[in-house]
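Engineer: Structure incoming, see below.
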Amino acid sequence: MMRYPMSSPLLRGKFFIRLCALVCVLAFSGCATYSTSFESIEHSLATQQYDTALKAIEAQSQDKRERVLYLLNKGMVLRMKHDYAASNQSLEAAKQQMEKLYAASISQNALTFIVNDATVSYAGEDYEQVLVHLYMALNYLELGQRDEARVEVLQVDIKLREIAEKFPASKFTEDALSRYLSGMIYEELGEWSDAMIAYRKAYEAYQKYQRNFAMPVPPMLKYDLIRLAQREGLTDELAQYRKEFGIGEEQEIVGPPQPQGELVFILNNGLAPIKRERAIDTWTLPPPVVVVPAHAPHPPAQTPSPPILVTIALPYYESRPVRVVGARISVSGKQADTQVVEDVDAIARASLDARMPAITARAVARAFAKGALQESVDNAGGKNDDAFAKFIGSFLVRVFSVATERADTRSWLTLPANVQLARLALPPGTYDVTVELLGANGQVIATNVFPQVTIRDARKTYLTQHAIP
């Protein structure tokens, strides 16, 4: 068998081809972003195949960098299955992991500068770190554990203060739904003064939502404020609310007659927006110009280097289609329509917008660093260096620079696009609850019946449905 030395052009050519093939495989294998890996799970959720979705989510459990996302998505799908206790176990684990990662380590931050933002362990967006408390509270309410639910909504305050300190530019400084939910909890517990305070804070939060996310104040909250102000004898505040909301005294606002309970229906509508990747800029820089002295008899031979390649990739949110506009609940001839109480789609977009200056700055810094690395490799070595080896080095550095510049497209993809709520006062008893999902023109898209729902005296019964296209 004929053997070739390592310096043989034939052997070097074969090696070069194999090396190029390997690098290309490695580069393109990393092209699939997190968001694209979720498509099969989304299909399973749309067809209510929750066990299939859980199996696909379980397959993602081995990646330590995405441990938080695995736990968040698992917790939400278990909630869709109405397994609220197991859902909270997963969400609690996610919450603890988020706290550990909230202050990112120096070594992980260094990786974002060298490679890309997706190389660090995912700690959750600011709104996701708040909503994990909200959904744990909702799970506790479904389980009838009001005190535990109150603890979770109170923890929202602490988390929001942390976010405000770390991200002053964030528009998500309040979570209106958590405030509103705490008001309902206090009211059920008969803590009327605390309920009034919570409803006031919810109103202030929704006013911020109106400015930041173009989301109006839910009409039901206006009536709650008038009802509680009237009950607590807050005459001036009552008059102020009536004037501000355009609700005159002829529209008498009274509490539900006794004995009464209340059905609280929560619609998790659609799926939150999905992060995609956009290559904002790709350009080439010419190789460095070598200045040759005029008196030089023979210009030195120059080995041509590939152009310097620089790519910047940034994330953006893409809304997912939402067929359902609202829902109508019907119980024993009484009806109530849902109202939007949380616009997750708008909150997610605003959250990313607030972070984009920092994300863009890191991407630009990486681009210049990788460009400098390419130039240093091109200029390294002496005149006796193997030109072929030098060319391979330059080629590999350029492939690395382009292939590793990826946007971080990770997010909590099982969150809804928006959350809607309806409240209906009912006498104690057991009822079949009919839920009609409504389209853009008010047409009924789907109907679902919850049989044998128990309403208890002076208690709230929480009922949840997820509507996914």
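The values are calculated or read from the model by the stated rules, or taken from the named source; none is laboratory data. Keep in mind it's a predicted model, so treat the numbers as computed, not measured. Note that we place each Cβ from the backbone using ideal geometry, even for glycine, and neighbour counts take in every protein chain shown.
Condition check ((1) under 27 Å from D345 (Cα atoms); (2) surrounded by 24 or more Cβ atoms within 10 Å (Cβ to Cβ)) across all residues:
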site	(1), (2)
G190	no, no
A195	no, no
A202	yes, yes
A214	yes, no
Y223	yes, no
L228	no, yes
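Engineer: In this structure, does A422 turn out to be modelled with pLDDT of 95 or more, within 27 Å of the chain's Cα centre (by Cα) and either part of a strand (DSSP E or B) or within 30 Å of H43 (Cα to Cα) (or both)?
Structural biologist: yes
Engineer: Would you tally the residues in the range 241-260 being at pLDDT 85 or above, out of contact with any strand residue (DSSP E or B) (no Cβ under 9 Å at 6 or more places or on another chain) and of a type outside the set (D, E)? Walk me through it before giving the result.
Structural biologist: The initial filter retains those residues of the range 241-260 that are at pLDDT 85 or above, namely 241-248, 260.
Checking the rest, the ones that are also out of contact with any strand residue (DSSP E or B) (no Cβ under 9 Å at 6 or more places or on another chain) come to 241-248.
The next check asks that each one be of a type outside the set (D, E); those that pass are 241-243, 245-248.
Final tally of qualifying residues: 7.
Engineer: Looking at (1) outside any loop (DSSP other than H, G, I, E, B); (2) surrounded by 17 or more Cβ atoms within 10 Å (Cβ to Cβ); (3) not acidic (D, E), find the lone condition where S170 falls short.
Structural biologist: (1)
Engineer: Given the options Y186, Y180, name the one that is over 26 Å from the mean Cα position of the chain (by Cα) and either more than 30 Å from P357 (Cβ to Cβ) or of a type in the set (K, R) (or both).
Structural biologist: Y186
Engineer: Is it the case that Y102 is modelled with pLDDT of 85 or more, aromatic (F, W, Y) and under 20 Å from L131 (Cα atoms)?
Structural biologist: no
Engineer: When you go through (1) modelled with pLDDT of 95 or more; (2) out of contact with any helix residue (DSSP H, G or I) (no Cβ under 6 Å at 6 or more places or on another chain); (3) part of a loop (DSSP other than H, G, I, E, B) one by one for L415, which number turns out not to apply?
Structural biologist: Just one mismatch for L415, condition (2).
Engineer: OK, next. State whether the residues of the range 335-344 include one that is in a helix (DSSP H, G or I), of a type in the set (A, V, I, L, M, F, W, C), at pLDDT below 95 and closer than 26 Å to Y34 by Cβ.
Structural biologist: no
Engineer: Could you give every pair whose Cβ atoms fall below 9 Å, whose first residue belongs to the range 143-159 and is in contact (Cβ under 8 Å) with a residue 12 or more places away in the chain, and whose second residue is loosely packed, with under 15 Cβ neighbours inside 10 Å and in a helix (DSSP H, G or I), counting only separations of at least 6 or pairs across chains?
Structural biologist: L143/A85
Engineer: Applying the selection to the range 173-188, what residues are surrounded by fewer than 24 Cβ atoms within 10 Å (Cβ to Cβ), part of a loop (DSSP other than H, G, I, E, B) and modelled with pLDDT of 90 or more?
Structural biologist: Residue satisfying the conditions is E174 alone.
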